[in-house]
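Report on the following structure.
The values are calculated or read from the model by the stated rules, or taken from the named source; none is laboratory data. If you're wondering where the values come from, they're calculated on a predicted model, not measured in any experiment. Positions of Cβ are generated from backbone atoms using ideal geometry, with glycine treated the same way; all protein chains shown enter the neighbour counts.
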Amino acid sequence: MREFPRPSLISSKCIEFEACRYNGLMIKSSFINHLKKYADFLPVCPEVEIGLGIPRDPIHLEEEKDQIVLIQPSTGSNYTTDMLNFAASFLSSVKIVDGFILKNKSPSCGVKAVRIYPLGGNARPKTDGVGLFAKAVFNYFPKLPVEDEGRLRNFHLRENFLTRIFTLADYRENVENGRFGDILDFHRKNKLLFLSYSQIYPRKLGRLVSDSGKLPWNDLLSQYKKIMLEMFLIDPLPPANVNVLMHAFGHFSKELNHQEKSFFLDSLEKYRQGRIPLLVIQNLLKSWIIRFNNDYLNDQTFFEPYPEELMEITFI
Ligand code: SF4
């Protein structure tokens, strides 16, 4: 069993923390409730922070020439400057953060598909906006994992988000606060996980680590993190995972009998076709890692990138 660091997350306060929505309600999320056990949250409600009460008349985005503004239709008040100022002062004060979970479709927190009304607010809205606070998050932390609670109901998106925040927290806690040997160790144990994202980026990271004597420690840390964050923008798809699983399977090719091998290859094909989840194949390999005492694979984060309880498929 791996010991996991606690990711530091910033989240919309109305998701499972406080009933601060415009209508005085809170959003329920069993996933966030579970995640609270394993991560540290800094919940924030930008609308309350700029002085709007609970409950309050709703606000929305409007398109004014080439600018997006935050308007309260019932009063005609424009909250754009207040929101931008709050976002700048809040986000510039953040020292530690591994990712964000924001409320979907909100004119303040929504990360995509937010309604933007034409000026005056009566006509049919466009639905491709980003909330003003969320937009500032993307500007301040352009490569960090940012998701909304709606998208995190999707197993694949959730798996990717969790993998990224737990890996970044591990890097922050054990490498940035560590020594040279710790970056070597981090690179070694994440080798298969990184290969599930890309063939190219792990090579860049490997070169950086092997040339590390040429770089000051802080430069090495920041360059490694920059490349890792770029790599994490790639969506790990089944073909890349199949390559990694085959690589791991190769460690047991001499030890398994014919039936075990063909069962594995059949299961792999089912995974490739989307008929069974990755976890099934990973567990099959894990059973052989234990049986054949394979220390190298046992250390690979690919087989357990985040706590097992969070792997449940049925969060709502
Ligand atoms: S979506 Fe954001 S601004 Fe709106 S209630 Fe939730 S935390 Fe507050």
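Determine whether F100 is over 22 Å from Q67 (Cα atoms), within 14 Å of the ligand (Cβ to nearest atom) and not assigned by TED's automatic domain parsing to the domain that holds P277.
yes
Taking only pairs six or more apart or across chains, which ones have beta-carbon atoms under 8 Å, a first residue in region 172-185 that is free of Cβ contacts under 8 Å to residues at least 40 places away in the same chain, and a second residue that is of a type in the set (A, V, I, L, M, F, W, C)?
F180/W217; D182/V175; L184/V209
Rundown of residues vs (1) under 30 Å from P236 (Cα atoms); (2) under 24 Å from the mean Cα position of the chain (by Cα); (3) crowded, with 16+ Cβ neighbours inside 10 Å, yes/no style:
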position	(1), (2), (3)
D57	no, no, no
T81	no, no, no
A87	no, yes, yes
A113	yes, yes, no
A136	yes, yes, yes
N139	yes, yes, no
D148	yes, yes, yes
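Taking F41 as meeting all but one of (1) in a loop (DSSP other than H, G, I, E, B); (2) in contact with a strand residue (DSSP E or B) (Cβ under 7 Å, 6 or more places away or on another chain); (3) of a type in the set (A, V, I, L, M, F, W, C), write down the number of the exception.
Exception for F41: condition (1).
Those residues that are basic (K, R) and within 22 Å of the chain's Cα centre (by Cα), I need them from region 205-245; list them, please. Can you show your working first?
If we filter region 205-245 for residues that are basic (K, R), which is where we start, we get 207, 214, 225-226.
The answer is K225, K226.
Return the total of residues in region 1-28 being within 20 Å of the chain's Cα centre (by Cα) and more than 12 Å from the ligand (Cβ to nearest atom).
Final tally of qualifying residues: 9.
How do the helices (runs of 4 or more DSSP H) wholly within region 219-312 filter down when requiring 1 or more residues that are on the phi > 0 side of the Ramachandran plot, free of Cβ contacts under 8 Å to residues at least 40 places away in the same chain and in the same structural domain as P142 (by TED's automatic domain parsing): which remain? Can you show your working first?
On the way: elements: 238-250, 258-272, 278-291, 295-298.
Qualifying helices (runs of 4 or more DSSP H): none found.
How about region 3-32: which of its residues are surrounded by fewer than 16 Cβ atoms within 10 Å (Cβ to Cβ) and assigned to a loop (DSSP other than H, G, I, E, B)? Before the answer, list the steps.
Taking region 3-32 first, the residues surrounded by fewer than 16 Cβ atoms within 10 Å (Cβ to Cβ) are 3, 6, 18-19, 23-26, 28, 30.
Hits for region 3-32 are E3, R6, E18, A19, N23, G24, L25, M26, K28.
Of the conditions (1) within 28 Å of the chain's Cα centre (by Cα); (2) in contact (Cβ under 8 Å) with a residue 60 or more places away in the chain, E63 clears all except one; give me its number.
(1)
Report, ordered by the first and then the second residue, all pairs with beta carbons closer than 6 Å, sequence separation of six or more or different chains, a first member in region 42-60 that is without any contact (Cβ under 8 Å) to a residue 60 or more places away in the chain and over 24 Å from P118 (Cα atoms), and a second member that is part of a strand (DSSP E or B) and more than 10 Å from the ligand (Cβ to nearest atom).
Taking only residues 6 or more apart or on different chains, the pairs are L42/I10.
Within region 54-68, does at least one residue satisfy the condition of being more than 22 Å from D148 (Cβ to Cβ), away from the ligand (no atom under 14 Å from the Cβ), of a type outside the set (D, E, K, R) and not in a helix (DSSP H, G or I)?
yes
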